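Chemist: Here it is, the structure in full.
The values are calculated or read from the model by the stated rules, or taken from the named source; none is laboratory data. Computed from a predicted model, the values in this text were never measured in an experiment. Cβ placement follows ideal geometry from the backbone for every residue including glycine, while neighbour counts extend to all protein chains displayed.
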Amino acid sequence: MSEWLVLALAMVAASAVVLTIAVLNNRRVGEDDDPSETPDVIEYMTMMIGVVYAIVLGLAIAGVWEGRGAAQEYVRLEAQALHEVQARSAVYPAEVRSRIRADVDAYVHHVVHDEWRAMSEHGTLTAEGTRLLDRVRADVTQYRPRNDHEGQAYQPLVDEVAAADDARSARGQSAGATMPGVVWFGLIIGALVTVGLLFTLQIRRTFRELLLAGLFSVLIAFLLFLIWDFDSPFGREISATAAPFLDLFPRAAGG
């Protein structure tokens, strides 16, 4: 099932539940009931709890968005470092240069087509990806420069491989969910409390009041879905992409 269909169903369900409860609750109210009699302290508490929950939601959205941005940056740094390895290896003999570039291409192809799926489904890197990157490192570090020109390129190549390895490790650490379960518990309970407080304000069955109550519940459902979608930087619809690899290594787009 598409995540956007899940979002639509969640928003419709949240709105339907709130409106149903509002209508049923309104039937229990006597004809002589006056909505203006709602104590001021209840209105104040409802407002304050709504403000506090809005701040919590904002912080949660900012946190997962920052995590997604950091994950995408790790991908860019890794792809750029590997691209530099290919470019700087041009000073090496044809045989060595071809081997380095072929191993880099093999690693990138594995990341785009296999490791990305593993991160999305399991939140982990693959042993094959580690092996392929180790092979690139061996290609670079085991070669002995034959002249000063190759010697000047040797250390930068080693540094770029190390940078790619570091970015890959950071990418792996970002592959899983970033929000602790206790935070999700607080967000869901806060949503129930915030929406539930609407009924303390004696909502009538007027179109305007029911519309506002429905829109408020839809907004809460959408924001929770947004946090959930951003919470897994590599596993959801709005996630980090392999675009940096595909931009720098167009041949990796093939199957």
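Chemist: Please pick out the residue among Ala164, Ala138 that is touching a residue at least 40 places away in the same chain (Cβ under 8 Å), small (Gly, Ala, Ser) and farther than 22 Å from Gly63 by Cβ.
Modeler: The match here is Ala164.
Chemist: Is the stretch 159-182 home to any residue that is in a loop (DSSP other than H, G, I, E, B), surrounded by 15 or more Cβ atoms within 10 Å (Cβ to Cβ) and at pLDDT 85 or above?
Modeler: For the stretch 159-182, residues in a loop (DSSP other than H, G, I, E, B), surrounded by 15 or more Cβ atoms within 10 Å (Cβ to Cβ) and at pLDDT 85 or above: present.
Chemist: Right, next: It is to be established whether one or more residues within the stretch 133-153 are of a type in the set (Asp, Glu) and within 30 Å of Ala242 (Cβ to Cβ).
Modeler: Yes, because at least one residue in the stretch 133-153 is of a type in the set (Asp, Glu) and within 30 Å of Ala242 (Cβ to Cβ).
Chemist: Is there a residue in the stretch 116-132 that is touching a Phe, Trp or Tyr at 6+ places or on another chain (Cβ under 6 Å) and closer than 24 Å to Val91 by Cβ?
Modeler: Scanning the stretch 116-132 turns up at least one residue that is touching a Phe, Trp or Tyr at 6+ places or on another chain (Cβ under 6 Å) and closer than 24 Å to Val91 by Cβ.
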